[in-house]
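Q: Shown below is the structure under consideration.
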Amino acid sequence: MFELRNTGQRLFFGWIALSYRYAGWVLIAMLLAVAVAATYTSRNLGIHTDTTDMLSEELPFRVNLTRFKQSFPQYEDTLLLVLDAPTPEQAYNAATLLTAHLKTDPNSTGEIHHLNGEEFFQTNGLLYKNLDELSLLADRLSAAQPLIAKISRDPTLYSFFSVLDDAVEALRTGRELELTSIFRNIATTLKTHETEERRPLSWQILFQEEISKNSYREFIILQPRLDFDQLFAAEHIITTVQQAAQILDLENRFSAQLRITGDVALSHEELNSAMRGAQNAGIFALLGTMIILFIALRSIGSVTTVLISLILGLILTAAFATRAVGHLNLISIAFAVLYIGLGVDYAIHLLLRYAELKQNHPSGKERFNTEILLIAGHDTGRSLVTCALTTAIGFYAFIPTTYNGVAELGLISGTGMLISLVVTLTVVPALQRFLPVKPQSFHSGKIVTLLSARWLHRPKTIFWITVSTALASVATLPYVKFDPNLLNMNDPKGEAVQTFRELLADTEQTPWFATILVDSQQEAERLAPVLAALPEVDKVISITDFIPDAQDEKLALLDDIALALGPDFFTEIALEQTHHTVTQQRTVLQSLHRSLKHFVAEKPDHPTTPAARELDSSIQELLSRLDTLDTSQATKLLNEIGHDLLGLLPETLVRLQTALSAQAFDIQALPESFRQRWQSETGNYLVVAYPASNIDDNQALRRFVRAIQQHAPQASGTPIVILEAGEAIVAAFIQAFSLTLIGVLLALLWLLRNIISTLLILAPLLLAALFTVAATVVLQVPFNFANVIALPLLLGIGLDSSIHMVLRSHHHLANQSLLQTSTAHAILYSAITSVASFGSLAFSSHLGTASMGLLLAMGLLFILICVFLILPNLLRIFGPDIYNQQA
C-alpha cells in the first residue's frame, strides 16, 4: 500500500485504523466525553461584556482609569435615566416621583442621584444664576404679582381670562407690559390641547423668561447593583425602572418619556445584540453548511458524519473555553461561528479523497475499505496536520498581544482547530462503519471549466494582472482607517445608543468628558482655567464651581424680591372645579377675543402684536369648538383647559418660595453624597473638562483628547479610553499579524522542508490580505475593535487552501488536472462553507460582529480567487517541477 516512514505516520494511521475497527466503542466514549463537557460548560461558562477590560491593565490609560475608579467608584457602572416632557415642571415632577419610587427599594436599585431634586439645590438653586438673570426674574415676578394675586383669590379659568382681558385693555391705553411670552405660551397650550403633543402652560418659563423649547429634560443617575450571576447582569434593574415608569404612569400624568442609557445600558444592549447576532448567525451558518455539504458530498450519511463531527468538536471546544478562560467576551462569543466555518474543512477533505479513491477502486470488502480509508488519510494527512497547526498559529498569535479580548478568542479558537483535527480523525473514520461514503459523492466534472479553458493557458497575463492589482491595492493603504468609537459597533436602532448619540450632539449635556485627578483643591483651581482656555474645551468644572460667587449681592436681591411680592404672593392655591357657568366663561372669552382684535387693529407695529394675533386665533378656535358642544361637553373641555393653564402654578409658587429662602454656604455645606463625587475619601479632587464639539466624530475626539493630554497626561474618561484603546488595538493587530506571518512561515518551512512551496503557499494569502484591506477603503468599512482580527485570522485560515493545493500538486496524476481533483473540490466547498458561516455574521444587529463577518467573508472570497486563479499560474511559472498542468 505505502511505507510508514516514521513514528508520527504510524501513530497517525494507527489512530484512523483503531477508530474504524472499534467504531462503536469509540463513538460511545466520545459521546460520554461530550455529555460531560456539555454539562460542565452549561454550569460554568460566563459572559464578560466590559470592552475596556479586553485590554491589558498595564497600558498607561488603563492605569489612569484604574486610579480614577478607585478614587471615584460612583462613576462606574451607571445607568442614566433620561426623562423628557413638554414643560420643565412636568419633567421635574416625573423625575422626582420616579426617584422616590426607586428609593423605596435601595437593595434592588442601588444608589440614585437626581441632582435637581435634592433639597439643597432646590433651596439654593437661584444663587447659581448671575445678577443680571436675577434682576430679570425680579422684574418678571413684579409684573406677574397682580395676576397671581387675583388668581389666588379665585383660581379659575374665568379669573385667568379676566386678568388677561384687563391686561390687553391696559396695552390699548399705552401701558408698557411685557406680555409677548405669556400670550404665545397660552396660545400654544390652547392649540395643543387635543393633540398628542399636549403642552400645559409652564409658569416657570414665564417667570424666568426662559427660551421656550419643544422638550425639557431631567436626568437621574443610577448606580445599580448588578446581578453578575445572570447572563444579562443589568436586565433586572432595567426592567425594574421600566416597570416603575409604567406603575407611576409617567406618560399619562406628565407626558413624560423615559429612556435609559449610560454605560450599563449600552453594555446590556451590546450583549443582547451580540448574543442575538451570534445565535442567528450560528443557526444560519449551520443551515448553510448543511446545504453546501449536501451539494458537495451528495449523501445524507456523509453530511450527517460531518455534522456530528462538527457538533462534538464544538462542544469540546466550548468546554475548553470554560476551563481555560471561564467566560466569553463580545469578540470571543463569535468562536462558535468561526468553528463552524473552519471545523468542516478537515472532514470534507478526508471524505472527498476517500470517495475519489473508492470511485477509482470500487470494492465492497471491509478490509479493502479500511485500506482505502488509510490511503485517503495518507494523501490528506500531511495537509490536514499542517493546516491545523498553521490555523492554530494564526489564532495563537493574538495571545501575546495587549488585546485580551482577542487573545481569549485566539486561545479558544486556536485550540478548537486542534480539537477539530482530533475529533475528525476519530469520529469520521468510526462513522464510516455505519454511514459509509458513496463513490458518487465525488463528481469529477471540471469545477472551473472557464478558468481552465481561458486563463490557465495565460500564466504571464495573470501574473501581470495580479501585479497591477496588487500595486493599485498598495496605493489605498494610506487611506485605511480604524474607528475607535464603540457606539459604531452597537445596534444603531437600540434605545440606549440613540439616546446617547442625542446627548452627545448637545455639548451642554454630553455624557462623554475628560476626568482629571489632582491632589488638592489648589491644583484643581490652577488647572481649570488652563483647560478652559483650550479651543477644544467648552467648559471645565471642579468642586469650587458649585460655590456661587457674589452670594451677598444675590441674597440681598432675593430678599428684595420676596419683600416686593409680599406674603399674599405665596398663598397656597388649591385648584377646584370652577363655580362659573359655561355661559360666563364664554362671555369672558368673547371679551378677550374682542380686546385682542381691537389691539391688533389699533397697534399693528407693537412688539406684542404678533403674539396677540396668535392668541386671538387660538381663542377664536376655542369659541368655535364650544359652539359645537353641549353643556356637559363644554364644561369638561373648559375644565381640562383650566387645568392645562393653571395646573402647574401651585407647585411652581411653592418651589419659588423655597428658592427665595436661600442662605450663603461654602464647600463644607454641600451635601455629603454630592461632595464625594468631586472630592474623594483618598484626598483626590476631580476636574471635568467638557468638549466644545460633538466628539462622536473621531477627528473631534482626537483633537479633544490630545489637547487635554498636553496639560493633564493623567486624564481619563471615556474619550481618552476610546482613543487610547483604539491605538493599543492597532498596535496589537500589527503585532498579531507579524507573529502570525512569522509563525506560519517557520511552521511551513519545518513541515514542508521546501522554500519554493512555502512561498507559493504564502503568496495567495498575502495578496488576498492586501485586496481585503483595499476593499475596506473602497467600501468604506473601517477597521474597529471587532473586525481588526480579520487579517491575522485570514492569514491563518486561508493557508489551508494553499497548503492543500500545493501539497496535492506534488503527487497528482499526470493525466488529471489539479482543478479536477478531490482536493480542489474540497477547497472550493470548504471555502464556500466558511464564507457562508462568516457571511452570516454580517447580518448581525451588532455592527462590530457584522463588520467582522463581512471582512472575513470578503477575505475568503479573495483567497478563493487567488488560490484558484493566481496560484495555479504561479505554480506553472515558478514551480514547474511541483505542478505540471496538462493543457
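Q: Give, rounded to the nearest 20 debye, the magnitude of the charge dipole that the chain has about its Cα centre when Lys and Arg contribute +1 at Cβ and Asp and Glu contribute -1 at Cβ. Could you put the intermediate results ahead of the total?
A: Values: 59 positive and 81 negative charges, 1293 e Å.
Approximately 6200 debye in magnitude.
Q: Of the options 661, 315, 758, report the single residue whose Cα projects farthest towards the positive end of the charge dipole of the chain (beta-carbon charges: Lys, Arg +1; Asp, Glu -1).
A: So the residue furthest toward the plus end is 758.
Q: Taking the dipole about the Cα centre of the chain, with the C-beta of Lys and Arg at +1 and of Asp and Glu at -1, give me whichever of 503, 490, 708 is farthest to the positive side.
A: Result: 490.
Q: Given axes a ≥ b ≥ c from the Cα gyration tensor, I'd like to know whether the stretch 37-98 is rounded (a/c under 1.5), prolate (a/b larger than b/c) or oblate.
A: Details: a/c = 3.86, a/b = 1.59, b/c = 2.43.
Oblate.
Q: Moving on to the next point. Need one value: the accessible area of residue 378 in square angstrom, 1.4 angstrom probe, rounded to the nearest 10.
A: 70 Å²
Q: What ³J(HN,Hα) values, in whole Hz, does the Karplus curve 6.51 cos²θ - 1.76 cosθ + 1.60 give for the stretch 422-434 when θ = phi - 60°, with x put for Gly and Pro?
A: Along the stretch 422-434, the couplings run 5, 5, 4, 6, 9, 7, 4, x, 5, 6, 5, 6, 10 Hz.
Q: When only the heavy atoms of the protein chains count and the probe is 1.4 Å, how do 464, 512 rank by accessible area, highest first?
A: Working: 464 160, 512 15 Å².
Ranking 464, 512 by accessible area, largest first, yields 464, 512.
Q: Rounded if a/c is under 1.5, else prolate if a/b beats b/c, else oblate: with a ≥ b ≥ c from the C-alpha gyration tensor eigenvalues square-rooted, which is the stretch 583-652?
A: Details: a/c = 2.74, a/b = 1.43, b/c = 1.91.
Oblate, because a/c is 1.5 or more while a/b does not exceed b/c.
Q: Let me ask something else about it. Quote the accessible area belonging to residue 158 in square angstrom, nearest 10, computed with a 1.4 Å probe and with ligands, DNA and RNA left uncounted.
A: In the full protein context, residue 158 sits at about 70 Å².
Q: In whole Å, how far is the Cα centre of the stretch 690-724 from that of the stretch 54-79?
A: Going from one Cα centre to the other spans 16 Å.
Q: Compute the long axis of helix 609-627 from its Cα atoms, compare it with the longest principal axis of the Cα atoms of the chain, and write down the angle in degrees, 0 to 90, nearest 10.
A: Tilt of helix 609-627: around 90 degrees.
Q: Next question. As an exercise, use a Förster radius of 51 Å and the Cβ-Cβ distance of residue 560 and residue 626 to find the FRET efficiency, rounded to the nearest 0.05.
A: Values: r = 43 Å, r/R0 = 0.85.
Between residue 560 and residue 626 the formula returns 0.70.
Q: Now a separate question. For volume of the Cα convex hull per residue in Å³, the listed values are [x] 169; [y] 219; [z] 210; which was obtained by calculation from the structure presented?
A: [y]
Q: Oh, and also: Mind scanning 191/636; 213/603; 191/597 and naming the pairs with a C-alpha gap bigger than 20 Å? Let's see the in-between values first.
A: Values: 191/636 17 Å; 213/603 28 Å; 191/597 18 Å.
Checking Cα-Cα distances, 213/603 exceed 20 Å.
Q: Quick one: helix 521-532 against the long Cα principal axis of the chain, what's the angle to the nearest 10°, folded into 0 to 90?
A: Tilt relative to the chain: about 80 degrees.
Q: Which part of the stretch 714-729 falls in the paramagnetic zone of residue 67, meaning amide N under 19 Å from the point 7 Å along Cα-to-beta-carbon?
A: 714-725
Q: Could you name the aspartates and glutamates whose alpha carbon sits less than 19 Å from that of residue 103, not counting residues in the same chain fewer than 8 places away?
A: 77, 111, 118, 119, 218, 227, 235, 249, 672
Q: For the chain, with the dipole built from +1 on Lys and Arg beta-carbon atoms and -1 on Asp and Glu ones, taken about the Cα centre, which of 463, 632, 738 lies farthest toward the positive end?
A: The Cα lying farthest towards the positive end belongs to 463.
Q: What order do 461, 261 take when sorted by accessible area (1.4 Å probe), most exposed first? Intermediate values should be presented prior to the final figure.
A: Numbers: 461 65, 261 0 Å².
Per-residue accessible area, sorted high to low, gives 461, 261.
Q: Here's a follow-up. Enumerate the calculated ³J(HN,Hα) couplings along the stretch 465-477 in order (Karplus 6.51 cos²θ - 1.76 cosθ + 1.60, θ = phi - 60°), each rounded to whole Hz, writing x wherever the residue is Gly or Pro.
A: Ordered by residue, 3J(HN,Hα) equals 5, 5, 4, 4, 5, 5, 5, 5, 5, 4, 5, 7, 4 Hz.
Q: Something else now. In straight Cα distance, which lysines are under 21 Å from residue 481, not counting same-chain residues fewer than 8 positions off?
A: By straight Cα distance, residue 481 reaches no lysines at all.
Q: Roughly what angle does helix 718-752 make with the longest principal axis of the chain, taking Cα atoms, 0 to 90 degrees, to the nearest 10?
A: Helix 718-752 sits roughly 0 degrees off the main axis of the chain.
Q: Here's another thing I want to ask about it. Using Cα positions and a limit of under 20 Å, work out the lysines in reach of residue 358, with same-chain residues fewer than 8 apart set aside.
A: 438, 446
Q: Could you state how much accessible area residue 489 has, in square angstrom rounded to the nearest 10, with a 1.4 Å probe and all protein chains kept in place?
A: 10 Å²
Q: Checking the a/c ratio against 1.5 first, then a/b against b/c, what shape does the Cα gyration tensor give for the stretch 638-734? If you can, show how the numbers build up before the last one.
A: On the way: a/c = 3.84, a/b = 1.81, b/c = 2.13.
Because a/c hits 1.5 or more and a/b fails to exceed b/c, the stretch 638-734 counts as oblate.
Q: Sort 358, 481 by heavy-atom solvent-accessible area, probe 1.4 angstrom, most to least. All intermediate terms of the calculation are to be shown ahead of the outcome.
A: Working: 358 25, 481 140 Å².
Descending accessible area places them as 481, 358.
Q: Report the FRET efficiency, 1/(1 + (r/R0)^6), for residue 120 and residue 521, where r is their Cβ-Cβ distance and R0 is 22 Å, rounded to 0.05.
A: Taking R0 as 22 Å, the efficiency between residue 120 and residue 521 is 0.65.
Q: Per residue of the stretch 347-359, what does 6.51 cos²θ - 1.76 cosθ + 1.60 with θ = phi - 60° give for ³J(HN,Hα)? Whole Hz please, x for Gly and Pro, Karplus curve as stated.
A: Each residue of the stretch 347-359 in turn: 5, 4, 4, 5, 5, 5, 5, 4, 5, 5, 5, 5, 5 Hz.
Q: Moving on. Starting from the Kirkwood Rh over alpha-carbon pairs, what translational D in µm² s⁻¹ does the stretch 681-766 have by Stokes-Einstein at 4 °C and 1.567 mPa s? Don't skip to the end; give the middle numbers.
A: Values: Rh = 16.8 Å.
Value of D from the Cα-based Kirkwood radius: 77 µm²/s.
The values are calculated or read from the model by the stated rules, or taken from the named source; none is laboratory data. Here the structure is a predicted model, which is why all the values come from computation and not from measurement. Neighbour counts are summed over all protein chains in view; Cβ atoms, including those assigned to glycine, are modelled from backbone coordinates with ideal geometry. Surface accessibility is based on the protein's heavy atoms, side chains included, excluding ligands, DNA and RNA. Shrake-Rupley method; radii C 1.70, N 1.55, O 1.52, S 1.80 Å.
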